[in-house]
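The values are calculated or read from the model by the stated rules, or taken from the named source; none is laboratory data. Every value quoted in this text rests on a predicted model; they were computed, and no experiment measured them. FYI the Cβ positions are ideal-geometry reconstructions off the backbone, even for glycines, and counts take in every protein chain you see. Quick note on the areas: whole protein, heavy atoms, side chains included, nothing else; ligands and nucleic acids left out. Shrake-Rupley method; radii C 1.70, N 1.55, O 1.52, S 1.80 Å.
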Amino acid sequence: MKLNYKNQMIIAVVVILLANVLTTIFKHWVYRSAGFVICGLLWLIHPVLPNGAEVSKRTLLWTRIAGVILILIGVFTRTYFY
């Protein structure tokens with residue numbers, strides 16, 4: 001299965017939602033952080049662009065930077081639900 005932009009966005013949203021549900025159920029922040037890190041790695045390793053977007057090194061670089069931002073969100077933020 002080749003990932004296009006739509007499929008990758010759906011996978012990213014599902015992973016983050018699942019991670020948030022696990023965080024709420026088990027009351028531990030690690031699941032949420034892991035979800036953001038997984039999504040960030042997905043965008044960092046496999047940057048895809050929406051249809052009609054200009055494919056260039058610059059746009060792929062910004063997509064990878066967005067993946068790094070997701071990883072940083074996962075590493076530096078913690079939520080506690082008690």
Expressed as a rounded percentage, what relative contact order does the chain have, with Cα pairs under 8 Å and six or more residues apart? 36 percent
What do you get for the angle between helix 30-45 and the principal long axis of the chain? Use alpha-carbon atoms, 0 to 90 degrees, nearest ten. 10 degrees
So, taking all protein chains as they sit and a 1.4 Å probe, how much accessible area belongs to I38, in Å² rounded to tens? 100 Å²
Residue-averaged 222 nm ellipticity for the chain, from DSSP H runs of 4+ at -39500 (n - 2.57), nearest 500: -24000 deg cm²/dmol
FRET efficiency, Q8 to V30 (Cβ-Cβ, R0 22 Å, nearest 0.05): 0.40
Quick one: accessible area per residue over the range 1-61, 1.4 Å probe, rounded to a whole number of Å²? 69 Å²
Which ³J(HN,Hα) values in Hz, rounded to whole numbers, follow from the phi angles of the range 68-74 under the Karplus curve 6.51 cos²θ - 1.76 cosθ + 1.60, where θ = phi - 60° and Gly and Pro get x? 5, 4, 4, 5, 5, 4, x
Ignoring ligands, DNA and RNA, what percent of the accessible area of the range 8-82 is carbon or sulfur (1.4 Å)? 75 percent
Tail beyond 22 Å, pair distance distribution of the chain (Cα, percent): 29 percent
